[in-house]
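Chemist: One structure, as structure tokens, below. Some questions next.
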Amino acid sequence: MIGPYLRRPPVRGAAARAAEHTERAPAARLEEAVGLALAIDLHVVQSGIVPLNEIRPATYIGKGKVDEIAGLVKSLEAGIVIVDGALSPVQQRNLEKAWNAKVLDRTGLILEIFGRRARTKEGALQVELAHLTYQKSRLVRSWTHLERQRGGFGFLGGPGESQIETDRRLIEERVRRIEDELEKVKKRRKLHRASRARVPYPIAALVGYTNAGKSTLFNRLTRATVLEADMLFATLDPTLRAVTLPSGMKIILSDTVGFISDLPTMLVAAFRATLEEVIEADVILHVRDVSHEDTEAQSHDVEEVLRALGIDPDDEHRLIEVWNKVDRLDEAGRTRLDNLAERKPSSERPVLVSAITGEGADRLISAIERRLAQRRVVLDLVLDPADGAGVSWLHRHTEVMEKSLSDDGKLAMTVRVAPDKASTVKTKFPMH
């Protein structure tokens, strides 16, 4: 495992302070890359940082380092060399020739993990689509028989197409089939969302950096048994569960795939159907591992993915920051975080929790309730007590907060409803 990282020129002032929070140290970046390799059961025999002044077009790193690593690969009898960077097809091919070993870059490694983790048919299709898109650009390195031609049959004889053209055509055909399948999945998801829209259940979606503890927190809040493990990308396929809040309001809680720095664009595109649960969510819980030394940089990476999905990470009406794993902090670290949270405006104040011990779970539930209440309209309605169908409709389509008989024998109901449904309720029922 090698981490070839560009040396950053010294920067002073505000720009330097901003970069300090959003850029990881090379050692931390390499440690994460090693974690990615371990997540697919690779045995990492050696890892090291390769500082770069510039990226070489042919081999990414300098010739001297290429030769040095070639010697290491031979002596260690390594079968795979992982380069924590984005290699072009030419760079990958040249390095494989120089090292006489399979070379995997960061994108290929993440795709491999996603391929192992996908459990549902939809997840497997999304990963395969991303993998084929990646593979299509790399056919140049995969074949040593490009000079072979395949002729036609009968009157259609002739030089035929080269093997690489055949492979590219087969990939394109498979991509089209997968896209058709995913379009059907997307339509099914749209129908599911439409059916949920008829029921007044708001959605709260968990997002965060991989291994931030989202699935553990999801299990804590829903009492479910979603896979939780101390590894990168332990959960890939989305999970949804209904949760009843203390007020009686029911919500749908959604656990989604974790994000990571330099998440391949093709994966964001492929998983857009899955991530639509986040796009459609009423409340987004940004779960952060505040015990991690790179928590600020991880937060920045998550915000970048949210922006790619068209979500404003600074939307204080929709986002709640959840500072998880506070149980791992010492007393001084906990005091510092408490003070930091208290200094933030109440609308942006994070909720400190420990998904493992349950600390802060009640505060988080209350924060979700408050945020949802702010986004919903309260209506006071008057009904005829004999209008059983109307009362039943309100129970199905709104959150009934209060119900009582008034002095004039009318049924007074106070309901809470999403803003886009308020006009429908006002049209169907007289206001108090």
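Chemist: Does any residue in the range 281-296 that is closer than 25 Å to GLU369 by Cβ and outside any strand (DSSP E or B) come within less than 8 Å, Cβ to Cβ, of a residue that is modelled with pLDDT of 95 or more and open to solvent by less than 40 Å² (accessible area, probe 1.4 Å) six or more places away or on a different chain, and which pairs are these?
Modeler: Matching pairs, first to second residue: VAL290/TRP323; VAL290/ASN324; VAL290/LYS325; VAL290/VAL326; VAL290/LEU352.
Chemist: In the range 73-99, which residues are open to solvent by 60 Å² or more (accessible area, probe 1.4 Å) and within 18 Å of LEU30 (Cα to Cα)?
Modeler: ILE80, ALA86
Chemist: Say we look at the range 392-410 and pick out the residues that are of a type in the set (S, T, N, Q) and over 35 Å from the mean Cα position of the chain (by Cα); which of these is farthest from SER247 (Cα to Cα)?
Modeler: In this case the residue turns out to be SER406.
Chemist: Identify the single condition in (1) farther than 30 Å from ASN211 by Cβ; (2) aliphatic (A, V, I, L, M); (3) in contact with a strand residue (DSSP E or B) (Cβ under 8 Å, 6 or more places away or on another chain) that ALA341 does not satisfy, given that it satisfies every other one.
Modeler: (1)
Chemist: Can you work out which of the residues in the range 334-384 that are of a type in the set (Asp, Glu) and free of Cβ contacts under 8 Å to residues at least 60 places away in the same chain is farthest from HIS317 (Cα to Cα)?
Modeler: Checking each candidate, the answer is ASP384.
Chemist: Would you check if there is a residue in the range 377-400 being in a helix (DSSP H, G or I) and under 30 Å from GLY213 (Cα atoms)?
Modeler: Taking every residue of the range 377-400 in turn, none turns out to be in a helix (DSSP H, G or I) and under 30 Å from GLY213 (Cα atoms).
Chemist: Suppose the filter is under 28 Å from the mean Cα position of the chain (by Cα) and open to solvent by 70 Å² or more (accessible area, probe 1.4 Å); does ILE49 pass it?
Modeler: yes
Chemist: Among the residues of the range 345-376, which ones are surrounded by 18 or more Cβ atoms within 10 Å (Cβ to Cβ), basic (Lys, Arg) and not in a loop (DSSP other than H, G, I, E, B)?
Modeler: ARG371
Chemist: Still on this model: Identify, please: which residue in the range 310-330 is under 17 Å from SER346 (Cα atoms) and open to solvent by 40 Å² or more (accessible area, probe 1.4 Å) and is, among those, modelled with the highest pLDDT?
Modeler: Looking at residues that are under 17 Å from SER346 (Cα atoms) and open to solvent by 40 Å² or more (accessible area, probe 1.4 Å), I get GLU321.
Chemist: Out of the residues in the range 265-280 meeting the condition of being open to solvent by 20 Å² or more (accessible area, probe 1.4 Å) and part of a helix (DSSP H, G or I), tell me which one is modelled with the highest pLDDT.
Modeler: Applying the filter and picking the extreme gives ILE279.
Chemist: Which condition from (1) touching a Lys or Arg at 6+ places or on another chain (Cβ under 9 Å); (2) surrounded by 14 or more Cβ atoms within 10 Å (Cβ to Cβ) is the one that GLU342 breaks?
Modeler: Failing condition for GLU342: (2).
Chemist: Which of the residues spanning the range 212-240 are modelled with pLDDT of 70 or more, closer than 23 Å to ILE279 by Cβ and touching an Asp or Glu at 6+ places or on another chain (Cβ under 8 Å)?
Modeler: Within the range 212-240, ALA212, GLY213, LYS214, SER215, PHE218, THR239, LEU240 qualify.
Chemist: Could you grab me the full set of residues in the range 2-36 that are modelled with pLDDT under 90 and in contact with a helix residue (DSSP H, G or I) (Cβ under 7 Å, 6 or more places away or on another chain)?
Modeler: Matches in the range 2-36: VAL11, HIS21, THR22, GLU23, ARG24, LEU36.
The values are calculated or read from the model by the stated rules, or taken from the named source; none is laboratory data. All values derive from a computational prediction rather than experimental measurement. Backbone-built Cβ (ideal geometry, glycine too); neighbour counts: all protein chains shown. When the accessible area is computed, the model is the full protein with side chains, heavy atoms only, and any ligands, DNA or RNA have been set aside. Shrake-Rupley method; radii C 1.70, N 1.55, O 1.52, S 1.80 Å.
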